[in-house]
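The values are calculated or read from the model by the stated rules, or taken from the named source; none is laboratory data. What you see is a predicted model; the values in this text were computed from it and never measured. Cβ placement follows ideal geometry from the backbone for every residue including glycine, while neighbour counts extend to all protein chains displayed.
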Amino acid sequence: MADHDSLEHRLAEQGISRRAFLKFCAAMASLMALPPGSAVAIAAALAKAKRPSVIWLSFQECTGCTESLTRSHSPTLESLIFDMISLDYHHTLQAASGFAAEKSRDDAMQAYYGKYLLLVDGSIPTKDGGVYSTIAGRSNLDLLHEAAKGAAAIVAVGTCAAFGGIPMAKPNPTGAVAVSDLIKDKPIINISGCPPIPAVITGVLAHYLTFGELPALDELGRPKAFYGETIHDHCYRRPFYDQGKFAKTFDDEGARNGWCLYELGCKGPTTHNACATTKWNGGAGFPIEAGHGCLGCSEPNFWDAGSFYAPLPAPSADVTTIAEVAAVTGAAAAVALSALDRAKKKRAQQAHEKLTVKDL
């Protein structure tokens, strides 16, 4: 296989101007929370970069992660970023089929051994030797181990690949697991979400192409630039939460006025993702903006975490210290801290009033 063209050559062929390219790089710098001056460095690095080979394996999944990308509007950052890579295998999108399709994967793995990026969506069934999901007569388990050997890095796309997702939900009849449960000797970045936001996927690819390494990750292997804060932190309904104004049903006056959906089960306070800032459909909106609470789909075990329509647990009455708050379950921690803060303010106010009376 011949070396892939540089990005600069590829963009010139498609008539993309230097100005448009720089605007794209500035947008990528912003998405990845880099200083504005980084746009020039990104442009310089990307222009010279060869288009890396990408092998995309789809396992136990619903194709939603692929649909998330292909349903993006055009022209977009998503369409431009895929001009930066050579997607050498994706059995949903490629024109080839049968033996020709499998040969394209084998050829890419051989030609770019140690250099290609491996993208995986879907969990991997392990029970009974992995017979519950196969491609061309081979188990997902076998295909993953084979492709991972020559990969420079692995990107787990979607919650199923990142954390097991819905296939791993109880009772997990196929023994589904996440990519990181099986591969321990390669750098793995988790882009969770059901499905993930397209700009998050492309932002990670742009960072890798620019700097030759994966971005900073959180404790769950997710890029901090996109998963560093909760949806609740930036939700436009947050002021109503702080004011104690909550919708009680999906069609009451509070719901019509855009009040907080916390009491209707919104998991925004415990869900880390960029939905409230990057949004969906070209920035048109996200689920909470459409009137439905967050399901917490970018977190591990979200399917088994309880009803989507039950409020997050309230803290116990005897929670009085930060140490005790830390012991509260993850689902209740954000609410506990809020209650603790209010309690501290009340105690401080009472102390101030007593001191004032005594001084008089």
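Here are a few things to note about the model shown:
- Residue count for the stretch 226-265, restricted to those that are in a strand (DSSP E or B) and of a type in the set (Ser, Thr, Tyr): 1
- Conditions (1) assigned by TED's automatic domain parsing to the domain that holds residue 164; (2) out of contact with any Leu (no Cβ under 8 Å at 6 or more places or on another chain): number failed by residue 245: (1)
- The sole residue among 162, 100 that is assigned to a helix (DSSP H, G or I), surrounded by fewer than 19 Cβ atoms within 10 Å (Cβ to Cβ) and on the phi < 0 side of the Ramachandran plot is 100.
- Any hit, the stretch 178-197, residues being without any contact (Cβ under 8 Å) to a residue 24 or more places away in the chain and of a type in the set (S, T, N, Q): no
- So residue 306, is it part of a loop (DSSP other than H, G, I, E, B), closer than 25 Å to residue 163 by Cβ and modelled with pLDDT of 95 or more: no
- Residue that is surrounded by the fewest Cβ atoms within 10 Å (Cβ to Cβ) [pool: residues in the stretch 206-225 that are out of contact with any strand residue (DSSP E or B) (no Cβ under 8 Å at 6 or more places or on another chain) and either charged (D, E, K, R) or not in a loop (DSSP other than H, G, I, E, B) (or both)]: 219
- Matching residues, the stretch 28-44, being in contact (Cβ under 8 Å) with a residue 24 or more places away in the chain, assigned to a helix (DSSP H, G or I) and either farther than 13 Å from residue 207 by Cβ or not small (Gly, Ala, Ser) (or both): 28, 31, 42
- Qualifying positions in the stretch 131-163 - farther than 20 Å from residue 101 by Cβ and small (Gly, Ala, Ser): 152, 153, 156, 158, 161, 162
- Residues that are in contact with a helix residue (DSSP H, G or I) (Cβ under 7 Å, 6 or more places away or on another chain) and outside any strand (DSSP E or B) within the stretch 127-141 comprise 130, 133, 136, 140, 141, listed in sequence order.
- Residue check, residue 104 without any contact (Cβ under 8 Å) to a residue 40 or more places away in the chain, under 28 Å from residue 212 (Cα atoms) and not aromatic (Phe, Trp, Tyr): yes
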